[in-house]
Amino acid sequence: MKKETPDFNRIKDTLLRLDDQITPSGELSPGTLRFKLNGKKQNKLSGKGKFSIGMVACATAAILVGLVVVPSIQALLPKKTDFVVEAKNYDAVYNAIDKLKKQQEGSLLDNLFGRTKSGNFTNDLAPAQQEGAVSNDKTGAPESSDSNSYGKTNLQVEGVDEADIIKNDGKNLYVISRETVKINEQVTFQYKLTVLDCSDPKNPKKAGSVTYPAGKTGFIPNEMFFSGSSLIVIGNFYDNTAVPYYGTDEKAVPPSDPDVDEPERADDSAVTTKDDPDRSEGYTGTGSATASPGSADPVPADKPAEEPATGAAVEPAIAPDYYYGYNTSKVGCIIYDISDINQLTELRRFEQDGWNASTRLINGRLYFISTYYVNLYAKDTEDRLEAYIPKVSDTKTGAEDLPIPAGNISIMPEVSSSTYLVLSVLDINDSSRDIYTKAILGVDATNIYCAKENLYITKSVYNDYYKTGIVKFSIKDFIPEFVAEGKVDGQVLNQFSMDEYNGNFRIATTSYTTETFTSKDGNTTSVSVGGTTNNVYILNGNMELIGKLEGLAPTERIYSARFKENMAYLVTYRQTDPLFAIDLTDPTAPKLMGELKIPGFSEQMHFYDDTTLLGVGQGEDETRGRTNVKLSLFDVSDPKQPVELATAFGADLIEAAGLTDISGINYTYSTAQYSFKALLLNTEKNIIGLDVTIYDSNGTYNYYLIVGADKTNGFTLRKLLKTEQTTDTYGYYYGVMLNRGTYINDTLYHITDGVLSYYDINNLSQIGKLEF
Amino acid sequence: MELHYDTLIGHAQNGDTDAFAQAYSMVYEDLYRYAFYSLGSKADAEDAVQDAAIEAFKCIKNLKNPQAFRAWIYAILVRTCKKRIKERIKSRELQNQQQSAPFLTDDFDDRLLEADRLRNAILLLPAAERLVLLLAVKGGYNSTEIGKMLKIPAGSVRSRLSRSYGKLKDLIKEDNQL
């Protein structure tokens, strides 16, 4: 998080206030634009040179998704056998992809109104099936008790572990943090993994650590699991060597792409004034006399951490790619032996093609999911094995970029996108077992929900991206087995929009109101006309629709969802925040029980206790004239009448604490709004812990709040913890990447980049601080 | 919830105007505000955004990373605005524009008057500084990202920004009472 200068903030805030006044007329509306685009021909790709596969914002990857436009012939209730076809050999896969490529190179004008409306999908219900009760995954059920009481990762499903940036096993803390380093005079970030020995909780010590140096190639750790004596660090393996990286030599300008760009310098002369630096090379920009010392780089709140720069000199450009920076090729994990915490020994590395890694750990089995786009415009598609088939690498078997065998590749009957779902299973504790990897062409894995025995993966539906497909796999056995596919109206927010209970699959979606337009030649197409509505669908074990509740909160969309056994709680928002309580006892007839309207919205909902929900979100803060982070407690013991017991703005709690270096808070937000794992909840000790980023008139700050809650008296701020910030040579402030809390027995820990502070969990007095 | 850029852009690259319009819908109001501050008039801003959107649709195959859609279309808009500014300079319109930039509102609300001064001051900045400043304050990009979008060194971005802050600073009230 970067600290903006006061100048930047004032300009930004002033302009922000005018936003409502400065809105475009209907001329620019998406609907109008769409009609203006009719008849506009698209240019072919203008690319030269070698492309490489990559990911992440501002990467230079040349992955293009080619999509086929086919009349939709969709079986609504696909039978298990004729659904997903296993490729007999690579030719079957090549043919499917070549077909996509050919269709994409065809005339584009035909595509505009040439599609037929998607087939015979309806929301009619299948006859209710008698499903035997499968074991219920009670969320929030206590695990078998240890003698230790310590903070565990907030999980959606008990028994299905999720990776996190910090892990706590009751003896040690495992932490991924970020530090700034200087390479070639430029400040960049690098990441490290540290084990903190908390065997004596009140006297933590730094144990082993691994630094992942910034450079042209490397690994960025994102999150991790522990299992037995192994620590599994999930992250991205990146390789920047194939692509020119620009950014270290201030004079160098890469050649522009003539098909898209106009040359920057030549035409700049007309618009620059005589003291503009670009007029004369070699100007090093000392700035004007009135510039504040150490002018900061303004970065607004929500931007993710800046990507580290790599240090090598500029290489001659091979391909004038549009964006430079990290070129991440693969996702994967590094597995360490942590039986000696002072010495992390790397046991194994595993990589698979693709990005957007999702992982789960169940009984020592790691499920690793990524999405892999095939670059249909790769220069060397003559070598189709190289271009079309996803690869895996594993240091244990020595496999290096090994193509997934054809027998492990399946093809969806409706392949509209050159995208694979790549799913690998590793047994962490049984090293004799090889990794199993499966790939499915045609599934783009937009979200996943994992229950103990089944894995559900949502995907888009071409020609109908107003609908969502769900592919179900059984994961009872080591090798996942495809079960069925379902389809519902609307889009899913995140994993919490889905749930499995008693063998049935429940899903909450927001759908767009669409209308059908018919072109002159009689073809129809669906167009979104704005407007949303919200739904809950229940599908049986075969992914057939058996129950639904549609049309909730029209014009609003779902901001959070939480299923628990026979109830579903939905938060929708436009101006007010209805909290809906939906009874799912009869899966064929879900019932809306109660509704509570309050201003603002919750984005994450935690069970404070069995009948109380704790919501973290944003509320309409009238004193400050904008939305701000808000905590709420809802009593849902009577589903017909949910009641808001308490609510508080983070900003109010903080200002009431009366600290002198925070005044006039403008804006606050917390990662706990979008990350379920970021909230620390210990109701026994009356602790709600969350990070807050605060903007006031002087700058930006990262804090950690310890909040107490009482159902009668509401929220109180028990402790406000500051984080340290670092500066670079420009006097530029970086906030922290890591700002989390956890506990072991009677010690509460606050962990940020490089600093562990620890407190007595009862009276919150500080015991000490450890730098690492 | 977001319709995934990856999916939308993929569709758009195949000529799907619906998908492109969806992706556009997520950014067009921001783009409009950027253009408005760059060019000073609503009509010009609308033209610029429309031109940029159409150009974006035409060359969407050049977008290699769908997640970078917003920055990419911003870069196209910046070029479009630059072109218009150049045209105006050639026809000497700009000088007249600066002197009589239209007020945002007819009632002389103090806050808006203040904001209007800021808006006019932004218009008085040299185009190179103005375009970069607005990418920072309206677009929300940092200097490295802006450098990449405009293919200029990040250091030049920072110098332009610090100069423009210096010029605008006097116009902003100290206690930010707007």
**Message:** Restricting to the stretch A:32-47, and then to whatever is within 32 Å of the chain's Cα centre (by Cα) and more than 7 Å from chain B (Cβ to nearest Cβ), can you tell me which residue is modelled with the lowest pLDDT?
**Reply:** A:Gly47
**Request:** Among residues belonging to the stretch A:633-689 that are closer than 29 Å to A:Ala568 by Cβ and charged (D, E, K, R), point out the one that is nearest to the chain's Cα centre (by Cα).
**Result:** A:Lys677
**Fill in**
All-but-one check, A:Tyr367 against (1) touching a Leu at 6+ places or on another chain (Cβ under 8 Å); (2) surrounded by 23 or more Cβ atoms within 10 Å (Cβ to Cβ); (3) at pLDDT 90 or above, failing number (2)
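Just to be sure before I move on: is A:Gly54 at pLDDT below 70 and surrounded by fewer than 17 Cβ atoms within 10 Å (Cβ to Cβ) in the structure I sent? Walk me through it before giving the result.
Values: at pLDDT below 70: yes; surrounded by fewer than 17 Cβ atoms within 10 Å (Cβ to Cβ): no.
So A:Gly54 does not fit the description; no.
For the stretch A:426-476, which strands (runs of 3 or more DSSP E) that fit wholly inside it have 2 or more residues that are without any contact (Cβ under 8 Å) to a residue 60 or more places away in the chain?
Details: elements: A:436-441, A:447-450, A:454-460, A:467-474.
Output list reads A:436-441, A:454-460, A:467-474.
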**Prompt:** Of all the strands (runs of 3 or more DSSP E) wholly in the stretch A:526-624, which have at least 1 residues that are touching a residue at least 60 places away in the same chain (Cβ under 8 Å) and basic (Lys, Arg)?
**Reply:** A:545-552, A:557-564
**Request:** For the stretch A:214-223, indicate whether the set of residues that are hydrophobic (A, V, I, L, M, F, W, C), in contact (Cβ under 8 Å) with a residue 40 or more places away in the chain and closer than 27 Å to A:Ile761 by Cβ is non-empty.
**Result:** no
**Request:** Could you please find all residues in the stretch A:655-686 being in contact with an Asp or Glu (Cβ under 7 Å, 6 or more places away or on another chain), modelled with pLDDT of 90 or more and either part of a loop (DSSP other than H, G, I, E, B) or over 23 Å from A:Asn739 (Cβ atoms) (or both)?
**Result:** A:Thr683
**Item:** Matching residues, the stretch B:60-70, being facing chain A (nearest Cβ under 7 Å) and either in contact (Cβ under 8 Å) with a residue 12 or more places away in the chain or closer than 22 Å to B:Leu124 by Cβ (or both)
**Value:** B:Ile60, B:Lys61, B:Gln67
**Message:** Anything in the stretch B:125-150 that is in a helix (DSSP H, G or I), of a type outside the set (D, E, K, R) and more than 8 Å from chain A (Cβ to nearest Cβ)? List them, or say none.
**Reply:** B:Leu131, B:Val132, B:Leu134, B:Leu135, B:Ile146, B:Met149
**Prompt:** Out of the stretch B:1-48, which residues are out of contact with any helix residue (DSSP H, G or I) (no Cβ under 7 Å at 6 or more places or on another chain) and closer than 25 Å to A:Glu556 by Cα?
**Reply:** B:Met1, B:Glu2, B:His4, B:Thr7, B:Met26, B:Glu29, B:Asp30
**Message:** With the requirement that a residue be in contact with a helix residue (DSSP H, G or I) (Cβ under 9 Å, 6 or more places away or on another chain) and closer than 16 Å to A:Ala581 by Cα, what does the stretch A:597-647 give you?
**Reply:** A:Ser602, A:Glu603, A:Gln604, A:Met605, A:His606
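Yes/no matrix, rows are residues, columns are (1) in a helix (DSSP H, G or I); (2) modelled with pLDDT of 90 or more; (3) facing chain A (nearest Cβ under 7 Å):
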| site | (1), (2), (3) |
| --- | --- |
| B:Ala12 | yes, no, no |
| B:Asp18 | yes, no, yes |
| B:Ala21 | yes, no, yes |
| B:Tyr32 | yes, yes, yes |
| B:Phe36 | yes, no, yes |
| B:Asp51 | yes, yes, no |
| B:Ile73 | yes, yes, no |
| B:Cys81 | yes, no, no |
| B:Arg84 | yes, no, no |
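Based on what the data block shows, is A:Leu196 modelled with pLDDT of 50 or more, closer than 23 Å to A:Ser675 by Cβ and crowded, with 20+ Cβ neighbours inside 10 Å? Quick ask: steps written out before the conclusion?
Details: modelled with pLDDT of 50 or more: yes; closer than 23 Å to A:Ser675 by Cβ: yes; crowded, with 20+ Cβ neighbours inside 10 Å: yes.
Taking the combined requirement at face value, the residue satisfies it.
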**Asked** Inside the stretch A:391-423, can you point out the residues that are of a type in the set (A, V, I, L, M), away from chain B (no Cβ under 14 Å), in a strand (DSSP E or B) and crowded, with 18+ Cβ neighbours inside 10 Å?
**Response** A:Val392, A:Ile409, A:Ile411, A:Val422, A:Leu423
**Message:** Regarding the stretch B:155-163, can at least one residue be identified that is facing another protein chain (nearest Cβ under 7 Å) and in contact (Cβ under 8 Å) with a residue 60 or more places away in the chain?
**Reply:** no
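Answer yes or no as to whether A:Asp652 is part of a loop (DSSP other than H, G, I, E, B) and without any contact (Cβ under 8 Å) to a residue 60 or more places away in the chain. Spell out how you get there, then give the answer.
Values: part of a loop (DSSP other than H, G, I, E, B): no; without any contact (Cβ under 8 Å) to a residue 60 or more places away in the chain: yes.
Answer is no for this residue.
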**Prompt:** Considering only residues of the stretch A:429-444 that are at pLDDT 85 or above and small (Gly, Ala, Ser), which is farthest from A:Gly407 (Cα to Cα)?
**Reply:** A:Gly442
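The values are calculated or read from the model by the stated rules, or taken from the named source; none is laboratory data. No experiment lies behind these values; they were computed from the predicted model shown. Quick reminder, even Gly has a Cβ in these numbers, built from the backbone with ideal geometry, and neighbours come from all protein chains shown.
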